[in-house]
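The values are calculated or read from the model by the stated rules, or taken from the named source; none is laboratory data. The shown structure was predicted, so the numbers you read here are calculated from the model rather than taken from an experiment. Every residue, glycine among them, receives a Cβ derived from its backbone with ideal geometry; neighbour counts consider all protein chains shown. Accessible surface is based on the protein model in full, side chains and every heavy atom, while ligands, DNA and RNA are left aside. Shrake-Rupley method; radii C 1.70, N 1.55, O 1.52, S 1.80 Å.
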Amino acid sequence: MAVQTKSNAGDKPRQKKDINWTQIAVVAFCVLLVAMCIISFSNLSNIFNQNGTTTSGTVTSGDLVYVDYTMYIGDVPMVTSSIDVYNESPADRLPAVTSMLGLIAGQQVDVVNGTPLLMNSSYEYPFRMLNQEYNQIATGVIGLGAGQSRTVESTGSYFQTTYTRDVAEEMGIDYDNWTVGTMGLLNFPVVNETSNTTTMAIRPALVTNKTADEMVLQYGYDTIEMTVVQAYRTSA
């Protein structure tokens, strides 16, 4: 696999902070910038090509698609581009919020660019979707129409790390107060084997098991719910 993501015991996780609710007011403005973000992140510079047309039918391979998505561990939303999902979440389990995703339906990639977290600009690194997750969405939207949704199983517990108490405390985790269900933001190095470069990214993680001596932090997501916002079809 060209891109591999792994945990580093030396990287300090950060427990999710209380959200500054005044930031919610700027979300509408952020959404206005989504189109530009999508073009930047996904190289969809031809989305406004004069030959492109909005499709009222179902998505087919090669269509340019805007997608709202939410990634879950169990029934807990971990990452979402939906403000509705964010607003419906309890205050102690607020998901990370990103822009909606722009992609070419059916296109599979090895490298996925990072996307900033919209609700808190203090985070040093962007959220980075795994290429497996991106590819599942790119395939999953095929056959859907605007406003239609689909949920697929994703990487799940394949991406999780067990930390001993000593290692967790060295990372800055408050071991006694982190319980099953606690959400945290972990920093991970992302190695691009093609370019031989390493960048840092954030992955929201959930404590899924804990004993007196060790805890399990899962940063792979069990399911991905995707909703087609709009699709464009371009002539060959």
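Below are the figures for this structure:
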quantity: Protection proxy ranking of 225-231, 170-176, 88-94 - average other beta-carbon atoms within 10 Å, highest first; calculated: 225-231, 170-176, 88-94
quantity: Euclidean distance between Cα centres, the range 175-199 to the range 131-172, Å; calculated: 13 Å
quantity: Asp63 long-range amide H proximity, modeled H, under 5 Å; calculated: Ala105
quantity: In nm, spacing of pseudo-spin labels at Thr199 and Val180 (7 Å Cα→C-beta vector); calculated: 3.7 nm
quantity: Accessible surface of Arg150 - all protein chains present, 1.4 Å probe, nearest 10 Å²; calculated: 80 Å²
quantity: Extension gain, Asp110 back to Asp92 (0.36 nm per residue minus Cα-Cα distance, nm); calculated: 3.1 nm
quantity: At R0 = 22 Å, FRET efficiency that the Cβ-Cβ distance of Asn192 and Val229 yields, to 0.05; calculated: 0.15
